[in-house]
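Please read the structure below before turning to the comments.
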């Protein structure tokens, strides 16, 4: 059995290509340059983080065990750090010791598991 490679021209001849006009140039789109926290609110299921670029990030509380198992009144005792990139629960002022970095919840993260 012989494998035949086709040229780009041969492929173009056999596969119809539909072209569509570009309505807006790339410069018309908004791409966030930095991710900063504007406001934070909690409900019974989510930590909602409004960002300065207009996006809202909703993180399930159960993803963060220290918050999931904490009393709701303690959850409400958070602070936004000075550079507006983390939500902090200070153990000196509440029963929770936690820092949530917003960048950790934007996009996916590759994890590696090591098995013995």
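Every read-out reported here was derived from the displayed coordinates using simple, explicitly stated rules and does not represent laboratory data. Only a predicted model underlies this, so the values are computations on that prediction, with no experimental measurement involved. Every residue, glycine as well, gets a Cβ built from its backbone with ideal geometry; the counts of neighbours run over all protein chains shown.
Looking at the stretch 78-90 only, could you name the residues that are exposed (fewer than 15 other Cβ atoms within 10 Å of the Cβ) and either closer than 12 Å to residue 47 by Cβ or more than 19 Å from the chain's Cα centre (by Cα) (or both)?
Passing the criteria: 79, 82, 90.
Would you be able to tell me the number of residues in the stretch 37-59 that are part of a strand (DSSP E or B) and in contact (Cβ under 8 Å) with a residue 12 or more places away in the chain?
So in the stretch 37-59, the residues part of a strand (DSSP E or B) come out as 37-42, 46-51, 56-59.
This time we only want the ones that are in contact (Cβ under 8 Å) with a residue 12 or more places away in the chain, so: 37-38, 40, 42, 46-47, 49-51, 57-59.
Qualifying residue count, the stretch 37-59: 12.
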